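Just so it is clear, none of the values below were taken in a lab; they were calculated from the coordinates. Since the structure is predicted, the reported quantities are computational estimates derived from the model, not experimental observations. Neighbour counts are summed over all protein chains in view; Cβ atoms, including those assigned to glycine, are modelled from backbone coordinates with ideal geometry.
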């Protein structure tokens, strides 16, 4: 399975950065260690039972009873490792507890190919389970009373040598393994290992309480307490969270630029942020960054964790102080991905999902739920009845994998929109064009501002994938104000974490609030801006207009730093050279935000 994982995801990880025999030997060594440990840990109780019980397990019924739990454990482990072969390109790390919160929807609304995948999964589980059962029975029958003591000695020696070889701390799935390059870590890990470990700590912060500096110095470098210069009069705010949309779709220099005349025309009348970054690779962390201005540092969604009481400024509650009504619109089932819980947690008053749309059972569906046109039509109807000023969020789903397209949709530019994700973006463009055409005749439109932001980056091509530490976080972000149509392009780095500050700015919120971002309309953004992204459970990145720094929070040390403007292939790790004031400053700011987040989560 490791070999299949290696080959199938070879292009995603740029060949796993294996440049010679030494790299290959290290990968092989750690891969065998991780797999050996998980096999032993899962089966050690069985082997101990067999060694101790000996001939008593020759009873057929007793041996079957003993084998059942270990058949389940081994089948589950094999399933996770096989599942990750294909799911890695979406999650970009090995399985963890987050899987429990993302798998419901496709199997509820799934088209035929999704149901076929589910059938193949079941056949795989039962097939491997049967093979494992036969082998466990063979082991039970093979360890006789006369040789079980020899076998137990060999087993203990193997276990001791593995622990001696790896060191117990390095067995943690999030440990940096400094012998390996960061990109190689998922290649050597075992999915059952990472999942079990994340379950063990699923309600614990991923950042240890490392103190890099005094609290006074930390506060001077980074503060979560913000205050806007609000607009004079509150505006109606409409936020479009675009599912799985990369910057490439809006970038004229990209070979994946989508032909979407309406959205292009909107961008030409908007403030467009050409260097915008998502916080992470997943939707449930993206929505928290966008609507709460908070980074998720737990393995599971923040709003499902034990940290829901974290001090925060709930966007719906803050806007309600200025008499705002608020609503969230999405075309999937109620509370898929926990979004309903998230909205309630953030004080958003109304949550509308697929089941709230009249006649939804007869409407054409995407694998994830209703297509965008039906949701936008329903949303437009509701906006006309909402009390002004209002805050409304639409989270589209048609651009989500597997990029199902309605039968009625006809791509006007098939020679340009060459990939399934590009075609569904063209469909979403057409839906938005109709929405804005109808909305422009409504009274609320004149006093509205529209914010567009992607929930996370996604590959623009499902076959030609390149996961780059910079490009894989680039997303489209722009603000359109019908009362102030003017094209402005801002190239300074900005983040999803800035959205909530901007919402409260247009909502004329005067009180101070908690956020890890800044107001996107603040001109101070245009100088010396540093934004933060999360690679996986341990590695975070800091990005400014020149450098990218990778930092392992578990170890409390920098892993890499590149001048991505001069070194786009990121071959020259500046950490291997003499320190510079610029590099020291980035590391210090990274330490400040990690210490801030750690203290914030722990209520300090």
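In the chain, the calculated helix contribution to ellipticity at 222 nm averages -13000 deg cm²/dmol per residue, counting -39,500 (n - 2.57) for every DSSP H run with n ≥ 4. The fraction of Cα-Cα pairs per 20 angstrom bin, counted from 0 for the chain, comes to 18, 51, 26, 5, 0 percent, rounded to whole percents. Summarising the overall dimensions of segment 184-322 from its C-alpha atoms, the Rg and Dmax are 19.7, 56 angstrom. Using the alpha-carbon positions of segment 13-65, Rg (one decimal) and Dmax (whole number) come out as 19.0, 53 Å. Given R0 = 45 Å, the distance between the Cβ atoms of residue 410 and residue 355 translates into a calculated FRET efficiency of 0.95.
With only the Cα atoms considered, segment 371-416 has a convex hull volume of 110 Å³ per residue. Which part of segment 238-262 falls in the paramagnetic zone of residue 461, meaning amide N under 17 Å from the point 7 Å along Cα-to-beta-carbon? Only 246-259 pass the distance filter. Roughly how many nanometres apart are two label points built 7 Å out from the Cα toward the Cβ at residue 573 and residue 200? Spacing of the two 7 Å Cα→Cβ label points: 2.7 nm. Roughly how many whole Å is it from the C-alpha centroid of segment 259-309 to that of segment 477-509? Comparing the Cα centres of segment 259-309 and segment 477-509, I get a distance of 13 Å. Based on the Stokes-Einstein relation at 10 °C and a viscosity of 1.306 mPa s, and on the Kirkwood radius from alpha carbon pairs, segment 225-523 is assigned a translational diffusion coefficient of 83 µm²/s. Report the percentage of all Cα-Cα pairs in segment 445-604 whose separation exceeds 27 Å, rounded to a whole percent. Across segment 445-604, Cα pairs with separations above 27 Å total 33 percent. Taking each residue as 0.36 nm, the span from residue 385 to residue 21 lengthens on full extension beyond its C-alpha to C-alpha distance by 124.4 nm. log₁₀ I(q)/I(0) of segment 238-389 at q = 0.16, 0.17, 0.18, 0.20 Å⁻¹, via Debye over equal Cα point scatterers, no solvent, to two decimals? Once normalised to I(0) and log-transformed, intensities are -1.12, -1.23, -1.33, -1.43. Seen from a random direction on average, the alpha-carbon convex hull of segment 330-482 projects onto 10.6 square nanometres.
Spin-label model, residue 468 to residue 150: label points 7 Å out along the Cα-to-beta-carbon direction sit 5.9 nm apart. Cα centroid separation, segment 312-333 to segment 349-425: 20 Å.
Once you have a ≥ b ≥ c as the square roots of the Cα gyration tensor eigenvalues for segment 405-446, tell me rounded if a/c is under 1.5, and otherwise prolate or oblate according to whether a/b is larger than b/c. Prolate, because a/c is 1.5 or more and a/b exceeds b/c.
From a point 7 Å beyond the Cα of residue 510 in the direction of its Cβ, which residues of segment 216-249 have a backbone N at a distance under 19 Å? Flagged as within label range: 226-236.
Using packing as a proxy for protection, rank 355-361, 1-7 so that the peptide with the highest average count of other Cβ atoms within 10 Å comes first. Walk me through the numbers before you get to the answer.
On the way: 355-361: 12.7, 1-7: 14.3.
My ranking of the peptides, most packed first, is 1-7, 355-361.
Counting only DSSP beta bridges with both residues in the chain, the antiparallel share comes to about 50 percent.
At a Förster distance of 56 Å, what's the computed FRET efficiency of residue 7 paired with residue 229, Cβ-Cβ distance as r, to 0.05?
Working: r = 54 Å, r/R0 = 0.97.
After rounding, the FRET efficiency stands at 0.55.
Inter-label distance, residue 14 to residue 264: 3.1 nm, where each label sits 7 Å from its Cα along the C-beta direction.
Counting only alpha carbon atoms, the long axis of helix 112-142 and the longest principal axis of the chain meet at about 20°. Between residue 582 and residue 442, take the C-beta separation as r, use R0 = 51 Å, and let me know the FRET efficiency to the nearest 0.05. Result of the calculation: an efficiency of 0.55.
Quick check on segment 225-523: of the DSSP beta bridges with both residues there, what percent are antiparallel, nearest 5%? All intermediate terms of the calculation are to be shown ahead of the outcome.
Values: 11 of 37 bridges.
Taking every DSSP beta bridge with both residues in segment 225-523, the antiparallel ones total about 30 percent.
Remark: segment 331-393 projects, on average over all directions, an area of 4.4 nm² (convex hull of Cα atoms). Hey, how much of the P(r) for segment 466-552 falls beyond 20 Å, as a percent of Cα pairs? Summing the P(r) tail past 20 Å for segment 466-552 gives 42 percent.
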